[in-house]
Structures are given as C-alpha cells and as structure tokens.
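Below: one structure, written as structure tokens.
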C-alpha cells in the first residue's frame, strides 16, 4: 500500500526532471498556440531563398540633342561639354554649318533623358524628357520638335561626355504644359516631354543571380527547370520555357506574356516557386497556405505563393474568394486572374468600382486575363462616375486587345490616337501627358460652349461667336492662310485642327484653354490614372466613445496598406523612378493619413 502511494509521486518527479532537462518550453510538453503554428514556414526552399533578382531597377539613358521650330524662343548655347558633344554629333552626321544652326534663335540645345523600365523589349516605346541646360538663354520649348536623338548611358570623364552602348532612338513633337505662360513660370516652358516616341533598339534582360553560398551548375539547372515547369511561352510557334541557365551564377528569365504590364509581380511569383519539393511536401504546403490565405495579415504573400504553384492552387484560391473578409477576397481573385480563371472577373470589377485602395491592381489583373467575361467587366466600368475608374478600364481594355472595336480608335494625322466611346453617364475628355499621345472622348455628342477664342499652337486659332459653327484658321509666315468651318462638336474641331497641320500638343492646348475659359462644359482630365499606395480601412462594428484612449490605436489597426508594386500599365510613363517609388511605396505607414472612408487622397476626391 505504501509503494502504491509513492509511485505516482515518483513518476511526477521523473516527468519534471525530464522536462527541465529538455527545456520547459519544448513542444512535447507545451504545444504552440494555433496562431503561431499558422505562421510557420513550410520546410521547403523557394527560389527566392537561393537567388537575388537582376534587372529590376530603372536604367537612365541620356543624350544631348537639338529642338527646332521654336520661332525665336531658342538661343545659342554657351561653351560647355554639352555644346561640344552636339557639334561632334552634327559633324558626324555631316550637317552643313553646325555652328550657325546652333546659333539660330529657332533652335535650342536640350538635355534628353529617358528611364527604361524593367523588362522593356526591343521595339517597345517610352516617353523622353527634354530640358534646356541651366545656363541656357532659351525662353520656351513650346511648339518645338526634337530632332532624331541617339540615347545611351552617359558619364563625364576628363571634362568630356563619354557615351555607352546605343540603346534607343527618340524624336517627335515636344509637349509643354499649355497652362505654363509668363516669366513667373519659365521653369515649366523650358522643359517638356515627347510622348511614346522613344524606341528601344534592344531588350533589357531579366534574371536571377544565385547567392554565393549556393553557387553550382546543378543548382542553376534545377532553378531553370523549376521555373520552366511553371512558366512557358511560344517563340516562333515553338513551346519554350522562360528561364535559361547561363552560368553557375546566373539564370536569365523572359517575362511571361501574361505579365508584360506587371513585370514586378512576375518576378515575385518566380521567386516564390519551390526550388525542390515532393508531391507530399507540396500537398502539406498547400494545406498550410490555405489556412494562411484566410488570414488578412498573411493573405497578400500567401496568394502570391499559391499563384506560383499554378493550376493546382485554383480551388484553394476559389475558396478564398468566398471569405467574408474583403482583403482575402481581393488577393485570392487577383491571383486567380493571373491564372486566367474567369471566376475572378466579377470580384475584381467590384473592387475596381468601389475600393480605391485595390483599384489599380484590380484593373491590371483584369487586363491580364484573356476571356470575354473579363472584357465584359471592363466594358461595364467604362460608364463609372469615377474618372480614374473610367479611364483605367479603357487602358486595361486597350492592353488586353489593341484591336478591340472599343479601343482601336484611329491615328489622327500620324500624331496621336483618337478614340470615341459611346457610354452613359457624365461626359469626359481624357488627355495624356505620359505613356502615349492619346485623346479619348467618353460620350459622343460633346460640344463647346460659345462664344470661344482659343489658340491651338502658334499658328492655329479656334474662334466662334454664336450659333453652332466654329472657324478654325491657320496663319503661318510665307504660307497662304487656311480655314475650316465646322460644327461646335468637340470631335469636329479636333479633326479640323489636325487637318490644318496641328500636332498633339496643339490640340491639348486648345482643349485646356477652352476648359479654363468655361467653354467646355464636360469634364477634362489629364492622366487620370488609378493610384498605388493607397490605404484600405477595415470595417468595424465597435463603438467607442469620442474620449476613448483606444480609439486612435484601433483606427490605426484598421488601416491596411496594399503591399503591391504599381503595375507598369498605370505608371506615369517616363516618370523618375524615385517619384514612382514614392507613389507606389509599400513600406512604413504614415502616422497621419487622409480622412477618407477608403483611403482616397483628398486631392483626388473628384476622380475617386
């Protein structure tokens, strides 16, 4: 009887001794909490664990060039390395009397700059910036034409400008902000853009650099095989993988066509592909990812990892779209869109229409799909009251299929793309000062309010008094006067300006002056692009008093930053990469945010 009473006590002491020896926090005796277990990473190496991405930064290319047709606002550049470089270039091209041309008041020496986005391909187009040097006496670049320019990477060595390899060519009309007039805004009239007239002569490579601790030809081959098992494309009708192992240190990657307008996302997906895993490991990892997808805090990363798995993850993502949480639904639908699953179209269209924080990514995902359901969803968004949703849907449709009857349009005077869209809702005219020269009329019968007198460049005048007729006249030195009498319809006036030799900057100037004078009753928007970096505010049912100390902390917890880079489709063309990074910033959330239900900046309230 004594032995029986002592046995439990001795057993308890033995258990405690073992637990102390192994550590009281060991998982055998104290299981981890469910919350911690859900965040554990699977024991599978991903490609991103072994590599670093290459070619994902913007490359700056530059040149010194000449703008002509300035009608007395140019100047003779002072002695400088830029002037010497321009004279060398003109002599190389066998231009007669180069010094005399530089001295003309109708020409100006300019600095040309372009930023090449990651993954840009041979033949792709981009914007270029033009600006006069700091000591230049040029007063305006308005109505100027950029001469053919060879763009390279530049460096100054030994007080001379040294050129790198020729990467692109550029030429075309210079677009200067029509609202910038007068001496007080001189800085704006001596700089401008040439839209979509930069042309790539070779492609920028993308790739993965293998980390030093994993350098091996076998590792390089296995990384290429893992990527090619997930992604392939067709080159001249032959099916090929997108990855090509080049050395034991580098694997070259070609962006998949579905991600042509979102290369950053493509590289994120590639780096989340499993390096090596068995079927059992994949199933276990997918079970874990399914649980993580339903948590709003882990949903963004988890959706990317499921997208990296491919078609095997479609059912999990579909179940994610049934979640009651709007963030989980959005990220699941976004990943499904890049897998071209038609079920993603409806929730993405809802997000684009109602959630400004998700809008830019939802529209980009819809444009990546290739089915009639996504096309129909985008066409419905063309009638939205939001300017950025309306134009964002148009650009997404154009990216999906440039030959679509809605987006095909026509090339007016070989100057710009002109589109007319018959939609319901508020009429709008949309202009671009980036990406490509383009005018889109949302609503067909848009008319000017008369009387009206506006300029369209330095030679064309648009004038009307009363009635329903507008006279468009051209007065140029040494040329006969010309005129067209058209109706007050905006489309007719635009066509008349182009028929008389007007350029895209001329048409933009006329429309902006008409809007400023109150002669254009509809909306006029310039680059009404959906923005990245917005915050989504989670809904709450809590009701704290105004003096509650937890109110501010709880409000901050509701704010959610969309951790996705800005898609190339909605970038501001030749935007400086530092400004672009600021617009699509995904790092720390500021302590003070704009007061808005869904995080739309106050300055953009009209378009949101």
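The values are calculated or read from the model by the stated rules, or taken from the named source; none is laboratory data. What you are looking at is a predicted structure, and each value in this text was computed from that prediction instead of being measured. All Cβ positions, glycine included, derive from the backbone under ideal geometry; neighbour counts span all protein chains shown.
Output the strands (runs of 3 or more DSSP E) that fall wholly within segment 208-263 and possess 1 or more residues being modelled with pLDDT of 95 or more and either surrounded by fewer than 14 Cβ atoms within 10 Å (Cβ to Cβ) or touching a helix residue (DSSP H, G or I) at 6+ places or on another chain (Cβ under 9 Å) (or both), or say none.
In segment 208-263, 243-245, 250-253 are the strands (runs of 3 or more DSSP E) which contain 1 or more residues that are modelled with pLDDT of 95 or more and either surrounded by fewer than 14 Cβ atoms within 10 Å (Cβ to Cβ) or touching a helix residue (DSSP H, G or I) at 6+ places or on another chain (Cβ under 9 Å) (or both).
Would you call residue 171 touching a strand residue (DSSP E or B) at 6+ places or on another chain (Cβ under 6 Å), surrounded by fewer than 17 Cβ atoms within 10 Å (Cβ to Cβ) and under 22 Å from residue 506 (Cα atoms)? Don't jump to the end; show me each part of the working.
On the way: touching a strand residue (DSSP E or B) at 6+ places or on another chain (Cβ under 6 Å): yes; surrounded by fewer than 17 Cβ atoms within 10 Å (Cβ to Cβ): yes; under 22 Å from residue 506 (Cα atoms): yes.
Yes, satisfied.
Would you mind stating whether residue 324 is at negative phi, surrounded by fewer than 21 Cβ atoms within 10 Å (Cβ to Cβ), modelled with pLDDT under 95 and part of a loop (DSSP other than H, G, I, E, B)? Walk me through it before giving the result.
Numbers: at negative phi: yes; surrounded by fewer than 21 Cβ atoms within 10 Å (Cβ to Cβ): yes; modelled with pLDDT under 95: yes; part of a loop (DSSP other than H, G, I, E, B): yes.
Criteria met by residue 324.
Name the strands (runs of 3 or more DSSP E) wholly inside segment 428-470 in which the number of residues that are farther than 25 Å from residue 414 by Cα is 1 or more.
452-456, 460-464
When residues of segment 107-143 are filtered for being more than 28 Å from the chain's Cα centre (by Cα) and either surrounded by 15 or more Cβ atoms within 10 Å (Cβ to Cβ) or in contact (Cβ under 8 Å) with a residue 40 or more places away in the chain (or both), how many remain?
Residues in segment 107-143 being more than 28 Å from the chain's Cα centre (by Cα) and either surrounded by 15 or more Cβ atoms within 10 Å (Cβ to Cβ) or in contact (Cβ under 8 Å) with a residue 40 or more places away in the chain (or both): 11 in total.
Mind checking whether some residue in segment 270-281 is part of a helix (DSSP H, G or I), under 25 Å from the mean Cα position of the chain (by Cα) and closer than 25 Å to residue 119 by Cβ?
Among the residues of segment 270-281, at least one is part of a helix (DSSP H, G or I), under 25 Å from the mean Cα position of the chain (by Cα) and closer than 25 Å to residue 119 by Cβ, which makes the answer yes.
Could you pull out the residue among 441, 450 that is at pLDDT below 95 and in contact with a strand residue (DSSP E or B) (Cβ under 7 Å, 6 or more places away or on another chain)?
On inspection, the qualifying residue turns out to be 450.
Does residue 425 count as at pLDDT below 95, surrounded by 15 or more Cβ atoms within 10 Å (Cβ to Cβ) and on the phi > 0 side of the Ramachandran plot?
Values: at pLDDT below 95: yes; surrounded by 15 or more Cβ atoms within 10 Å (Cβ to Cβ): no; on the phi > 0 side of the Ramachandran plot: yes.
In short, no.
For residue 291, indicate whether it is under 27 Å from residue 216 (Cβ atoms) and assigned to a helix (DSSP H, G or I).
no
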